[in-house]
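Engineer: Mind having a look at this structure? Questions to follow.
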Amino acid sequence: MTGNPGEFDRRRVLAGAGSLIAVGLAGCSGGDGGGGNGNGNGNGNGNGNENGNGNGNGDGRTEGAEIVNVVANEFDPQILEIEPGTVLRWEHRGGTHTLTFYHEDNDRQHRVPEGVEAVDTVINPGDTYYEFTFEEPGVYDYYCQPHENSDQMIGSIVVTGNDDPEQPGLAEPDDEDFEPFAAQEIQDLNGQARETLGI
């Protein structure tokens, strides 16, 4: 291109304007991921909660969520009582683990309230957390697939408001579905959940 270096040509003006528009649109599209179902894996692919609030802190994590730490071979705390509508976040603290609900869609005994979707997700250094909004009252039992028979890699969430002693999460563990250690952990967690629920 020839001409006076101090003179603006139409191409330079259009290129500059296009860059400004692109930067402006990128800033507007940041958002918080709201409008989803409350479930996400925390690696940028998750959704906000059903109220459209998303996270509120810029990194995908729901502000004010309850937390379970996923460490070497345990969920900490192993059992947790929460209210319906609570967002729970499992945070990676070490090792490679799964968060898997006992659910027939995961080829296991169903141990969550009826109508609750199956969850089976990896929590490791690449996917550092997972969030789930607990809407249905009841007991939710979950485990880490590779460490189910390791101490404390089975956990329970007790969502208040369901004191039915016959709910799936309080059923006796199916002998065909559980190794002896895992069956004993489930029975111990059932006892604690019954105490929490007063049944």
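The values are calculated or read from the model by the stated rules, or taken from the named source; none is laboratory data. Everything numeric in this text was worked out from a predicted model, so none of it was measured. Note that we place each Cβ from the backbone using ideal geometry, even for glycine, and neighbour counts take in every protein chain shown. Side chains included, ligands, DNA and RNA excluded: accessible areas come from the protein's heavy atoms. Shrake-Rupley method; radii C 1.70, N 1.55, O 1.52, S 1.80 Å.
Engineer: Roughly what would the spin-label model give for Thr160 and Asn124, points 7 Å off Cα along C-beta, in nm?
Structural biologist: 3.8
Engineer: Then there's this: What is the distance, in nm, between label points placed 7 Å from the Cα along the Cα-to-Cβ direction at Glu83 and at Asp177?
Structural biologist: The answer from the label model is 3.1 nm.
Engineer: How long is the gain from Glu117 to Glu135 if the chain were fully straight, where each residue apart is worth 0.36 nm and the alpha carbon distance is subtracted?
Structural biologist: Numbers: separation 18, 0.36 × 18 = 6.48 nm, distance 1.13 nm.
Going from the current span to full extension adds 5.3 nm.
Engineer: By accessible area of protein heavy atoms, probe 1.4 Å, what ranking do Thr96, Thr86 get, highest first? Could the numbers behind the result be given before it?
Structural biologist: Working: Thr96 80, Thr86 30 Å².
Sorted descending by solvent-accessible area, the residues read Thr96, Thr86.
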